[in-house]
Structures are given as structure tokens and as C-alpha cells.
């Protein structure tokens, strides 16, 4: 994971967020991914979203597994604590970190190989536990670092660069999430930052695991004719009927533009997610409706993007376990050790 | 008819062993441990070894009780009394009794003539018939048979009936019906034996005062207590025999001691909050991942598992070693390889744990010998893991973990302060010009770390990929080697922090015997017995890895050295040779790896045979 430090050239005065930080403060090292890689656009969206959220960098923990996508945490929020773990295991580390310190904001970056093959079991169970984190799958349908094998998200009939078609059914992380009880599911396209940034902000505000599947084309191995994860395919087949805005807690909340269609969800931290438009009959709180919509679009060869499902009421991992509000890594030792007297006392039962 | 049981004029007090052969799932375990516990309460050193199948119901299972006034309670291979309650194994069980011994059997049905032995006394008790007469419910008739034979044994061994009766009352304090039927069944067997046999048998118990300051505890419970007292707050685990009870107990203890009351709980809210989080993971890979994430974040975290789990954890153990994250792993070893024999014991994960993961890795190991050391070493494991920022394995085993042992009462020093190792806080960071994760090593070659959430000045990027001492990615040979060379020195430096070897010398010793873990009692007993044969041996039990200098010295001081361990490949011997540089030929091996706890006879045989050869 080679990385090059980014020169901090002072340009024209940059806008500052509420912490007085500029977008530069949310950047990291210069990317060493291929020019035009979709992942770099996701990195840019993350940088932008967290800057806009004005989240103090040191309160963010960024984690990843192994693969092209997993290199990217080096490229954003240099002041955040980072953990580049092992292939497919990112979310297990994030689960433990969150268990120990529930106050930090966790963002996990993964890829389709990382999450849908080697780490599929971990993803499924992290969803079930509802670990409070943002979980991004930078999904390009292909193994890039090992030079172009199919991943488990490749569509049937999609072709490798050398021409072989995929014959096995793809794993759709959104449909998986729906069946595993996910509480926040979104799909984005790396080529659409305007859509991705508010989704990321809503994900960060969500209580529980926010899974974002970002179709992020691999320019080197999967951007050719016959690929269903290419820029061109996405431009031609993306359906953006579901549109959301994110209204941070600190901003004054204006009345919704269209009283009839807008649905608002108050997130755990008090911010608001507003559905500006959804197709008729679509209910982002109803798993069945969401699943039917995605499947119906898919049968027409279309890929539905947007914030597809959200449930802000479900308990997260700490609520499920009734954990104390104080982060466990800060609970004083004298509260944890019952002491000599108690040890002597309890041993009466061992006689 | 009264069977005269006094033909043997040699009366042996508090020195015998009995074996109980049962069918698993019939409730015999509680009757068997009742007997063992009663003997313990009479102040007599005793052990109980449960030799059970990997099965829930219907297969043969055995329980061995050894009573030894000198405290040598390792497994004995000769049985004075066989309680033959499983007709399917009559033949082998009756063959197991030593000449002059006794067989107690259910005489509701006649015993096949071909099973009879002339050198053994058969004591028939019509257990099934008595229970059918006295109890109505079918399940009760089966369960009470166990308590009835326990009653007969109480009479035959001279166990204090009052002690046994009290134990039953305590066990069933809350269930009067069960209490009464148990007491009745106990009395049935007891009275029958008194009426029909000369009680007690020539080998018998008499009260002693040897267990006054001792407790009866299994290693898994003691380990869980250690983790509780060490201040562990997070654990990730996956169910596996024989380690499951570690987490079961930790969960139970946390529920008892780690709940903070909530004043005025909201409707539907529990009146307390947990100062712990135990996650039953989807597999052992996730379990260790959870431990690493929590340890990275500064919580004391651990997992408990057995060999197959360690195999799965190998990948992330390399990550932890290389990125220097503390972790505590409790490995309750069972018989491998593969599924092996999950309910049998072994010490065959030594090399697996010492070098777990790909690439150059070395880990810190602690080898407890009994439940008391499980408690103490569990606490130390956390201190060492955080001091050295690396995984620490405590290698218990099924025999230690799942059997009840008589050990001195556990003690705790309230002045104990956890060693959290070198962790920088924001105040420390403020005073620094710049923070680099793998620079500024101390005398133990440990570098300071920060926790996520600390000031951005302390933010760094953990990476399992090649890194230099500044924590930056590297593919340069020198920069890479500088870090892994320090890791090697750091590991070596831990030698004086792990529990020191126990060395016991005898004057005139020519032989050195080295062992570890649960072999302790059997080997000590063997040393005594060898002495009687004129073989004087020094004894060393290693309790941790890396090895201190005295381990090498011990081997070199003795012309004849034997390493006694419970695995096929002499793993401890290899580890000593590899890590101290002593030629492997300098050490001979005594190996017992069939899955049952070690007995002194195996050690004595192994050593005398080789010395004669």
C-alpha cells in the first residue's frame, strides 16, 4: 500500500466548516490507485461528507480489509485513526473496537471481494448485530489487485476483459442486507458525488450498521464493453427515482418543499433525512416493498440507487447487549474488579 | 447373605482409587461428583476425572476418583473398586480392576458367568429393582439408581453419611421433592450395603485436615474468574469443547459482578447496565477479530477456544503480532489433529501457539498446571499482553479445564494495579514533537501506542503490510527488517515476565525431568517413586515461553534429561531445543497422548525403560 504524502499547498481561501477546518483537513495521502478509478471518487465523497458534517477527525476510526478499496482509508481524513486489517475481516475488528469504545464514529471500507466472498459471513453477522458504523462496499465486480478475476457481485453474462462470461448468480449486498435485518441500506454510484455525499452523511448519523453499496468501476479490469460494472453501463442503466436530502442537526430545518411527497426521518443524533421523491408505492421502511422494487428494476436490467431502506428504531449492538453508556475502555478498574473480600466470599461455594 | 469383605488384612486408609462406569446422559455425573465432593469435605486430598464421550446420550462414560493422603491425585491406572453400571462395557471394566479388588454391579439382572473373576470380589446391589420399587416416574427410576449406588459406596468406603446428606440438601435446597427422593435413594443404597456387605472395605476414607484451606474448582471456572479480576470487558468467542465453560462462567460472573444499577429506569428499560460486552461470534476468526478491535481501542479483551479455533485464528494472530496489538487467548487444549477427540485431553497445541500464523512469528505462552494457576496466569496474561503489545496464550487443557481439582484457595491482592503497558494519552502527545508508532523503544523493545479517539497527533494507520519504525508503508529490506528484528528482541525480553519455571532439586540427582501444565502432579509422584527405585531426579516444570536462561541450564546440568508431555511429537522438547539451542538429543521423551490425563506409572515406566535400555 504505497502512499505519497499530499503537499498541503495553500490555495485560495478554502471554506471552513464549523470546526474551522477546510476540506484539506479531511484529506489523506495521494491515491496510488489507477487514474480514473471509481474508488477515488468515493474517497472524495467521504472527504466531502465528513468535512460537511464537521466531525472532529480524531473521533473517527477508519478501517478496511484487503484489496484496492481497502487501500483508500489512507487517502482520506489523515487525522483519523486507521486500521488496515486482513482480507475480509475488517468488520470483525470494527465490531471489537465499537464494543470497547462506542463513542467514536466508525467507517469501514471494503470491496466486493472483501465483503461478498472471503468476508461474507462476517458482513452478514455484523448486520445482524447492528454494529454502529458506516460500511461501504466499493463494488466493481472484479478483483483488481490480483488482476481481474470475477468477484461474487459480477452479474450473470458480464464479461471479463479477456471475454469469459460470468455464469454464477451475483450476490447483491442490498438484498442480502434486507434478509439479514439491516437497518440502513443504500446504493450509490461513484460517478455521482451529489447523490453519494448526503447518503454518506445520513449513514454517519444512523444508529446501527449503515451499508452502502457503491458501484465503483474498475477502469483497468472491468470498464469494457460487456461489463455490467462499467461507467458506461451505469450511466445507461442507473435509476435514480429515490432522492434524499440530509439536514444536519445544527442547521435550521426548513419546511419540506413538497408537503405531499416528502417523508422525514429523524436520525439518532437529531439530524433529518428527507425523502424528496420516491416512486409511487415505494416504502423505504418496508423490507418487502424495497425488495420488490429492487428486483423489479433488476429484471429490467436497471440498477436502482439511493437510500433504499432505513430503520432508525432498531437497537444497535450496545442496546441489544444493554451495555453501559460509558465506553468500556474507560470504565475504571475498581468498578470491574470485585476485590479480595468478594473472592473469599464466593469461594464458600467451592467447598 | 452377608459378603465378607475383610479377607484382605491390609487396611489402606485414604489411599485408593475407584472407577465408575456409566452410560452418558443418565445423570451419573452428579452422583459421582457428589462422592468426590464428600471426600473433599472430609479433608482428604482427592481428584475426580471425568472420561466422557463426545456425545449427549447413550455412550459409555467413566469417572475416576483417586484418594491420596499425600496429595498425589493424578490419574491412577489401577482400580480398587469398579462401579460397573454399564452392561455394554462390563467385560473391559471388570478386567480393569486390580487383583484383590471389588466390582459393584447392579444385581437386578444376573451377571454373565464368563465375566466373573476369581481374584475379584463381586458386590451385587439390585439397584434397578430397588428404584422401581421406590420410585414411580420412569426418569426418576433411572436418575435415582445413580444416587443409590452412591449410597452403597458411601457405606463401602466409610464416607461420612452426614456430609453426603448435607451436600444433597444443599444441591436441592430449593426443591423439596427432589431433595427427598435423593435422600431416600441415597439411604436405599447405603442401607443395602450395610446389610449385605462388611463395611467399610479394607481401603477406606478417614477424616483428615488436608483440605481446610482448599477449594474444589475446575480450571475453566478459575480462568473465567481470572479474566473477571483482570478487568476484561470485551470478549469474542465461538462455542467449542472443552473451552465453552470459560465463557459460560465469565458471562455468569459478569452478570453477577459487572452490572451497574440504573436509577429510575424508563419503562421497559432494565434496572442495570452492563460493564462488559460478550459477543458470541460467527466463527473463531471473528472472535479474535473482535478481541483485536477491542484491544486496539484499549479495552482488556480475550477469547477462549481450543485447538481448532486457534487454527482458524492464525491469520489474525499474525496481524496482531506484526502490528503489536495485545490479545489474550485461552486455549483449553483437546486431542487433535482435526476434530480429533473433542472430549479428551492433550498438550498438542504448544508449537501451534508458539509460532501461530504465517511468516516469522513468535508468541508468549503461559502453562498453568491446575485451576489455581489458571486464575493467576489469566490475570498475568492481560498484564503481559498489554506490556508487550502482543497476543498471549494461556494453554490450559481439558483435564485442567473441565475436571474439579482440589487447590489452595484463590487469593487476591487489592493493591493490584493492571499493567496497561505504554499507552500515550493526549497530555503525553502534547509534550511530543511528533508521534511515531514503532519508534522510541524501551528496555523491553516496546514502543508506545495511542488509542483511537486520542488527539490527531497520535493518529496513525495500523497496517499488516510492511511498515517501517515510523508506521509508514515500506517495501525496503532495511526498514522492514529493523521492525521485525525489534519484535524478536521484544519477544525474548518477555522471558522474565512470564511465570518462572518451578525447579525442585534433590541431592545426588543424576536425572532431570522436565514437564509442563497438567502433568505436574503425575510427574512429581513419579519423581518420588523413582527415588524408591534408586533413580534420583531433579524436577523442572516450565510455566512460560519464551524460556528464561535457567531452562537451558537445567538441561545442560543433567546427563540424562527427560521431557514428559502429552503429545506425540515431543513438542515441548522441540521448543526447548529450537529456542535455547540445546541439542535435541540431550533430551529424551516420555509421551502420553492417548487422550486421558497422565498417570505417574506412565512416567515411571517411560523413564525406567529408557534408562535400562
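Listed by first and then second residue, the pairs with beta-carbon distance under 8 Å, at least 6 apart or on different chains, first residue in region B:270-293 and without any contact (Cβ under 8 Å) to a residue 12 or more places away in the chain, second surrounded by fewer than 24 Cβ atoms within 10 Å (Cβ to Cβ), are B:270/A:322; B:270/B:262; B:271/B:261; B:271/B:262; B:271/B:265. Scanning region A:84-106 for any residue that is more than 7 Å from chain B (Cβ to nearest Cβ), under 27 Å from residue A:23 (Cβ atoms), surrounded by 24 or more Cβ atoms within 10 Å (Cβ to Cβ) and in contact with a helix residue (DSSP H, G or I) (Cβ under 6 Å, 6 or more places away or on another chain) turns up at least one such residue. Restricting B:83, B:46 to those that are assigned by TED's automatic domain parsing to the domain that holds residue B:148 and either closer than 14 Å to residue B:14 by Cα or modelled with pLDDT under 95 (or both) reduces the list to B:46. Scoring residue A:197 on the criteria (1) touching a strand residue (DSSP E or B) at 6+ places or on another chain (Cβ under 9 Å); (2) closer than 22 Å to residue A:41 by Cα; (3) at pLDDT below 95 leaves a single failure, condition (3).
Taking region B:260-285 as the range and being outside any loop (DSSP other than H, G, I, E, B) and more than 9 Å from chain A (Cβ to nearest Cβ) as the test, the residues that pass are B:261, B:280, B:284. Screening region B:53-110 for strands (runs of 3 or more DSSP E) wholly inside it with 3 or more residues that are within 25 Å of residue B:38 (Cβ to Cβ) and without any contact (Cβ under 8 Å) to a residue 24 or more places away in the chain returns the ranges B:97-106. Within region B:307-328, not a single residue is in contact with a helix residue (DSSP H, G or I) (Cβ under 9 Å, 6 or more places away or on another chain), more than 21 Å from residue A:89 (Cβ to Cβ) and crowded, with 19+ Cβ neighbours inside 10 Å.
Screening residue A:37 on (1) touching a strand residue (DSSP E or B) at 6+ places or on another chain (Cβ under 7 Å); (2) crowded, with 24+ Cβ neighbours inside 10 Å; (3) closer than 18 Å to residue A:188 by Cα shows it passes everything except condition (1). Being loosely packed, with under 14 Cβ neighbours inside 10 Å, in contact (Cβ under 8 Å) with a residue 40 or more places away in the chain and in contact with a strand residue (DSSP E or B) (Cβ under 9 Å, 6 or more places away or on another chain) is a description that does not apply to residue B:209. Report yes if residue B:99 is surrounded by 16 or more Cβ atoms within 10 Å (Cβ to Cβ), closer than 18 Å to residue B:82 by Cβ and either at pLDDT 95 or above or outside the structural domain of residue B:77 (by TED's automatic domain parsing) (or both), otherwise no. Considered against the rule, which asks whether it is surrounded by 16 or more Cβ atoms within 10 Å (Cβ to Cβ), closer than 18 Å to residue B:82 by Cβ and either at pLDDT 95 or above or outside the structural domain of residue B:77 (by TED's automatic domain parsing) (or both), residue B:99 comes out as no. The lone criterion from (1) in a strand (DSSP E or B); (2) within 11 Å of chain A (Cβ to nearest Cβ) left unmet by residue B:414 is number (1). Which residue, of B:170, B:195, B:176, is closer than 30 Å to residue A:341 by Cα and in the same structural domain as residue B:83 (by TED's automatic domain parsing)? The unique qualifying residue is B:170. Which residues, counting only those in region B:467-487, are under 38 Å from the mean Cα position of the chain (by Cα) and either within 14 Å of chain A (Cβ to nearest Cβ) or surrounded by fewer than 14 Cβ atoms within 10 Å (Cβ to Cβ) (or both)? The one that is under 38 Å from the mean Cα position of the chain (by Cα) and either within 14 Å of chain A (Cβ to nearest Cβ) or surrounded by fewer than 14 Cβ atoms within 10 Å (Cβ to Cβ) (or both): B:485.
Among the residues that make up region B:440-450, is at least one of them at the interface with chain A (Cβ under 9 Å from one of its Cβ atoms), in contact with a helix residue (DSSP H, G or I) (Cβ under 7 Å, 6 or more places away or on another chain) and at pLDDT 95 or above? Yes, because at least one residue in region B:440-450 is at the interface with chain A (Cβ under 9 Å from one of its Cβ atoms), in contact with a helix residue (DSSP H, G or I) (Cβ under 7 Å, 6 or more places away or on another chain) and at pLDDT 95 or above. When we screen B:244, B:233, B:223 for residues that are over 19 Å from residue A:346 (Cβ atoms) and either surrounded by fewer than 19 Cβ atoms within 10 Å (Cβ to Cβ) or away from chain A (no Cβ under 11 Å) (or both), the only hit is B:244.
The values are calculated or read from the model by the stated rules, or taken from the named source; none is laboratory data. As the structure is a computational prediction, the values presented were derived from the model and not from experiment. Here Cβ is always computed from backbone atoms with ideal geometry, including for glycine, and neighbour counts include all displayed protein chains.
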